[in-house]
Amino acid sequence: MATLEIKNLHAEVAVEDGEKILRGVDLEVKSGEIHALMGPNGSGKSTTAKIIAGHPAYEVTDGEILLHLDENEFGDDFEIPDDKRTWNLLELEPNERAALGIFLGFQYPAEIEGVTMTNFLRQALNAKLEEREELFEEDEGDDEAEEEESGYDTSPMEGPADEGEVGVAEFQQLLKEKMELLDMDEKFAQRYLNAGFSGGEKKQNEVLQAAILEPSLAVLDEIDSGLDIDRLQDVSEGINALRDEQGTGILQITHYQRILDYVEPDVVHIMLDGQVVMEGGPELAVKLEEKGYDWVREQTYETA
């Protein structure tokens, strides 16, 4: 089991005199749990998601984001030593965070012509596995300082060369299994990455990527936006499969209660003005749908 622990997180836009957005966020999500993060526009939800993933547009001015791992978080064949079971994500590059099991599902996924879904996903998986190996390599006894390089040695957008830990044939079988798990048409994987996809197909693709990469914790930023009811149900079934079949922890950022009819959260968190001000069960989202956020503001600032 992995635990993502956000403690007193403060952040601002990373420019001179940048706007302060987060004002002390506290949040904890564990593998196998589904958490909904709700709040009005401008409350800091998407900023929180991007900072977890390492987006350079924001500067953290205080607080911590810790990732706690069990010894067998990455399987029985990969034992994590005691001294490498807690990581401060703020000290890591985005690719290193991904290698440790952090996944960010985008609200507006990019379209890339000329790169098939299959090639992209296999290269991404191999890059993650390679980065993970490097993070856990023993580096004691190195007398000469080596220049550190950030980022991956290979790009997920390179061609179909049969390199990396997971070969083409093995990946094809893995992809087939994951698409069956998500009830997706196999032809989907032969298309170019998000090119010509509908909004719903793009969101399904985000869930497929999470299924392939098997993150410990997936942050899904408004993955329900722009979906009709059929696509909403398809995407929701995929999210539930991530939790039920893979044990992934989900932080579901959303404005609306409707997706929570299909993806029932264990905890609902409400953000206002850069802070989590209220927490509760699924009934809290229903109350928000009925009454909006005014009562939350009144209750928060009356007791402040």
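The values are calculated or read from the model by the stated rules, or taken from the named source; none is laboratory data. This structure is a prediction, so every number in the text was calculated from the model and none was measured. Note: ideal-geometry Cβ built from the backbone for every residue, glycine included; neighbour counts use all protein chains shown. These accessible areas exclude ligands, DNA and RNA; they are computed on the full protein's heavy atoms, side chains included. Shrake-Rupley method; radii C 1.70, N 1.55, O 1.52, S 1.80 Å.
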Q) Is it the case that segment 40-54 has a residue that's touching a helix residue (DSSP H, G or I) at 6+ places or on another chain (Cβ under 9 Å) and more than 18 Å from MET271 (Cα to Cα)? A) yes
Q. Of the residues in segment 250-285, how many are farther than 18 Å from LEU227 by Cα and open to solvent by less than 50 Å² (accessible area, probe 1.4 Å)?
A. 18
Q: Go over the candidates ILE102, ILE112 one by one and state the one that is modelled with pLDDT under 95 and open to solvent by 10 Å² or more (accessible area, probe 1.4 Å).
A: ILE112
Q | Selection from segment 189-230 of residues that are assigned to a helix (DSSP H, G or I), open to solvent by 20 Å² or more (accessible area, probe 1.4 Å) and touching a residue at least 40 places away in the same chain (Cβ under 8 Å) | A | GLN190, LYS202, GLN209, LEU213
Q. Do any residues in segment 275-304 that are without any contact (Cβ under 8 Å) to a residue 40 or more places away in the chain and among the basic types (Lys, Arg) have Cβ atoms under 7 Å from those of residues that are surrounded by 15 or more Cβ atoms within 10 Å (Cβ to Cβ) and not in a helix (DSSP H, G or I), where the two are at least six apart or on different chains, and which pairs are they?
A. ARG297/LEU272
Q. Does SER216 count as over 23 Å from ASN194 (Cα atoms) and either modelled with pLDDT of 95 or more or among the polar types (S, T, N, Q) (or both)?
A. yes
Q. Can you list the strands (runs of 3 or more DSSP E) found entirely within segment 9-80 that contain at least 2 residues being in contact (Cβ under 8 Å) with a residue 60 or more places away in the chain, surrounded by 14 or more Cβ atoms within 10 Å (Cβ to Cβ) and not aliphatic (A, V, I, L, M)?
A. 20-30
**Q.** Enumeration of residues in segment 2-19 that are more than 19 Å from VAL277 (Cβ to Cβ) and among the small types (Gly, Ala, Ser)
**A.** ALA2, ALA14, GLY18
